[in-house]
Amino acid sequence: MVDPIIFILIATLGGTLGVKVTSTQNPVYSGLYLVLLFFLGSAISFLLGLEFMALLFLLVYAGA
């Protein structure tokens, strides 16, 4: 069972980073926020029990 507080915390942080990616003027900071957003997406997949998908998500999106 996923702890709802951790899930809500990661989802809220992901939403905040999504806004930061689109609103930041500096492309370097925008790219760093995007990589952090990919890690949070992988963390949500891991919390839901999709370990293989979380690993693939990191390898394909954050690793490239």
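Below, the figures for the structure above:
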read-out: Estimated vicinal HN-Hα couplings, Hz - region 25-39 in sequence order (Karplus 6.51, -1.76, 1.60; Gly, Pro = x); value: 7, 7, x, 5, 5, 4, x, 5, 5, 5, 5, 4, 5, 5, 5
read-out: [x] 1.23; [y] 1.38; [z] 1.16, with the label sought being that of the calculated Cα Rg over 2.2 N^0.38 Å; value: [z]
read-out: Helix axis angle, 4-23 relative to the chain longest principal axis, alpha carbon, degrees; value: 20
read-out: Potential lengthening between Gln25 and Leu56 on full extension [0.36 nm per residue; Cα-Cα distance subtracted]; value: 8.2 nm
read-out: Mean separation of Cα contacts under 8 Å, 6 or more apart, over the residue count of the chain: relative contact order %; value: 30
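Readers should treat all values here as calculations from the given coordinates under stated rules, not as data from a laboratory. The model shown is predicted, which means the values in this text are computed figures rather than measured ones.
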